[in-house]
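Peer 1: Just passing along the structure, written as structure tokens.
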Amino acid sequence: MHTEIDTLFHNLWENYCAVTPSARQIHRLLDNSQGSTIVNDHIALRTFNLEKLNLEKLAAHFRALGYHQGGEYHFEAKKLYARHFEHPDATVPKVFISELLVEKCSDALQETVQKLVADVPPSVVADRSFLYSGRHWDIDYATYQALLEESEYAAWLAAWGYRANHFTVSVNHLSQFTTLAEVNRRLKQEGYRLNSSGGEIKGSSEELLEQSSTMADRAEVDFSDQTVSIPSCFYEFALRYPDADGQLYRGFVAASADRIFESTNSKTTDSND
Ligand code: NI
């Protein structure tokens, strides 16, 4: 029925797992002997708000597959803007796309980012495979570190490029777990580090969405001058509650998403400290 959508998410998943081995392990851990299959609540994508590859350029690939725009979200301190996209078929994963508001950043960051994206051909962005195509520029380690000083988001994007920043297990569809606290406890038993910024569980039943996430794995990036292991991607867990119509809430909670972004920070406190 949704062959093209399935293919896209398969490609995104394989590309994501290549730098996030813990996701595949956790997927197996939660997809237990009962034979339940993991339902993906949403993925998240990151970009710069520059015309040639902004949020809408990424969204176009999902609109072409029948998605429409849901809510929008502002993250003043991190200088980010985001929208979520959903499909008429509620079983199809939602997509959360954010973009860095480059013009609000320092002159130095703006100059760096403009240089990085200068040679990305528009035809590459217009192809659906752009969504899991990785990085399209060379960057040296010092430039990455300079970006990191100002924006963890910019540094992550400059190093990793285009790929799912995270996949998300729908806790509603797990057979052996009913609460996020149970999932978190199991993950910690297995030695996984959770993002504890603002508490391990972000959101509440009143907000109709609770989320938690691992801290990102680390994986090697080939910078132009050296290879360095840096935070890659993480796995998220979401429990949704029914809204007034009795349907599971499909939106996001900005305050929670704000903390979830920090799962790729290189120096965030974590629950196993
Ligand atoms: Ni998310």
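Residue by residue, here is whether (1) loosely packed, with under 14 Cβ neighbours inside 10 Å; (2) at pLDDT 95 or above; (3) on the phi > 0 side of the Ramachandran plot; (4) not aromatic (F, W, Y) holds:
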site	(1), (2), (3), (4)
N165	no, yes, no, yes
V183	no, yes, no, yes
G191	yes, yes, yes, yes
L194	no, yes, no, yes
L208	no, yes, yes, yes
D217	no, yes, no, yes
V221	no, yes, no, yes
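Peer 1: Return yes or no: is S133 of a type in the set (S, T, N, Q) and touching a residue at least 40 places away in the same chain (Cβ under 8 Å)? Can you show your working first?
Peer 2: Working: of a type in the set (S, T, N, Q): yes; touching a residue at least 40 places away in the same chain (Cβ under 8 Å): no.
Here the answer is no, as S133 does not meet what is asked.
Peer 1: Looking at (1) within 20 Å of L148 (Cβ to Cβ); (2) small (G, A, S); (3) touching a residue at least 24 places away in the same chain (Cβ under 8 Å); (4) out of contact with any Pro (no Cβ under 7 Å at 6 or more places or on another chain), which is the only condition S229 fails?
Peer 2: S229 satisfies every listed condition except (3).
Peer 1: Do we have any residue at all in the stretch 168-175 that's farther than 20 Å from Y141 by Cβ and within 13 Å of the chain's Cα centre (by Cα)? Step through it out loud before you land on a result.
Peer 2: Here is the first cut: in the stretch 168-175, the residues farther than 20 Å from Y141 by Cβ are 168-175.
From what's left, within 13 Å of the chain's Cα centre (by Cα): 168-169.
Checking the stretch 168-175: at least one residue is farther than 20 Å from Y141 by Cβ and within 13 Å of the chain's Cα centre (by Cα).
Peer 1: Moving to a separate point now. Of these, V92, V120, which one is within 16 Å of the ligand (Cβ to nearest atom) and part of a loop (DSSP other than H, G, I, E, B)? Steps first, answer last, please.
Peer 2: Values: V120 fails: within 16 Å of the ligand (Cβ to nearest atom).
Just one listed residue meets the conditions, V92.
Peer 1: Between L194, L239, L208, which is out of contact with any helix residue (DSSP H, G or I) (no Cβ under 7 Å at 6 or more places or on another chain), within 16 Å of the ligand (Cβ to nearest atom) and among the aliphatic types (A, V, I, L, M)?
Peer 2: Values: L194 fails: out of contact with any helix residue (DSSP H, G or I) (no Cβ under 7 Å at 6 or more places or on another chain); L239 fails: out of contact with any helix residue (DSSP H, G or I) (no Cβ under 7 Å at 6 or more places or on another chain).
Result of the check over L194, L239, L208: L208.
Peer 1: Another question about this same structure. For the subset of the stretch 217-236 comprising residues that are of a type in the set (A, V, I, L, M, F, W, C) and not in a strand (DSSP E or B), which member is nearest to the ligand (Cβ to nearest atom)? Even if it seems obvious, please write down each step before you answer.
Peer 2: Start the filter on the stretch 217-236 by keeping residues that are of a type in the set (A, V, I, L, M, F, W, C), which leaves 219, 221, 223, 228, 230, 233-234.
Narrowing the set further to residues that are not in a strand (DSSP E or B) leaves 223, 233.
Details: F223: 27, C233: 11 Å.
Looking at residues that are of a type in the set (A, V, I, L, M, F, W, C) and not in a strand (DSSP E or B), I get C233.
Peer 1: Separate question: Any chance the stretch 26-33 includes a residue that's at pLDDT 95 or above and either closer than 14 Å to F96 by Cα or assigned to a loop (DSSP other than H, G, I, E, B) (or both)?
Peer 2: no
Peer 1: For L157, state whether it is surrounded by 14 or more Cβ atoms within 10 Å (Cβ to Cβ), more than 17 Å from V95 (Cβ to Cβ) and out of contact with any Gly (no Cβ under 6 Å at 6 or more places or on another chain).
Peer 2: On the way: surrounded by 14 or more Cβ atoms within 10 Å (Cβ to Cβ): yes; more than 17 Å from V95 (Cβ to Cβ): no; out of contact with any Gly (no Cβ under 6 Å at 6 or more places or on another chain): yes.
Criteria not met by L157.
Peer 1: I would also like to ask the following. Cβ-Cβ distance below 6 Å, separation of 6 or more or different chains: which pairs start in the stretch 253-266 with a residue that is assigned to a helix (DSSP H, G or I) and end on one that is crowded, with 21+ Cβ neighbours inside 10 Å and aliphatic (A, V, I, L, M)?
Peer 2: Short answer, once both residue conditions are applied: S263/M215; S263/A216; T264/A216.
Peer 1: For N11, all conditions in the list (1) out of contact with any strand residue (DSSP E or B) (no Cβ under 7 Å at 6 or more places or on another chain); (2) loosely packed, with under 14 Cβ neighbours inside 10 Å hold save one; what is the number of the exception?
Peer 2: Among (1) out of contact with any strand residue (DSSP E or B) (no Cβ under 7 Å at 6 or more places or on another chain); (2) loosely packed, with under 14 Cβ neighbours inside 10 Å, the lone unmet condition for N11 is (2).
Peer 1: Also, quick follow-up: Here are some residues: L65, L109, L80. Which one is surrounded by 20 or more Cβ atoms within 10 Å (Cβ to Cβ), at negative phi and away from the ligand (no atom under 16 Å from the Cβ)? Walk me through it before giving the result.
Peer 2: Working: L65 fails: surrounded by 20 or more Cβ atoms within 10 Å (Cβ to Cβ); L80 fails: away from the ligand (no atom under 16 Å from the Cβ).
Residue meeting the stated conditions: L109.
Peer 1: Here is a further query. What about G246, is it away from the ligand (no atom under 14 Å from the Cβ), modelled with pLDDT under 95 and on the phi > 0 side of the Ramachandran plot?
Peer 2: Values: away from the ligand (no atom under 14 Å from the Cβ): yes; modelled with pLDDT under 95: yes; on the phi > 0 side of the Ramachandran plot: yes.
It is true that G246 is away from the ligand (no atom under 14 Å from the Cβ), modelled with pLDDT under 95 and on the phi > 0 side of the Ramachandran plot.
Peer 1: Kindly indicate whether F130 is more than 23 Å from R259 (Cα to Cα), aromatic (F, W, Y) and touching a helix residue (DSSP H, G or I) at 6+ places or on another chain (Cβ under 8 Å).
Peer 2: On the way: more than 23 Å from R259 (Cα to Cα): yes; aromatic (F, W, Y): yes; touching a helix residue (DSSP H, G or I) at 6+ places or on another chain (Cβ under 8 Å): yes.
Judged against the criteria, F130 is a match.
The values are calculated or read from the model by the stated rules, or taken from the named source; none is laboratory data. These numbers were taken from a predicted model, which means no experiment stands behind them. Every residue, glycine as well, gets a Cβ built from its backbone with ideal geometry; the counts of neighbours run over all protein chains shown.
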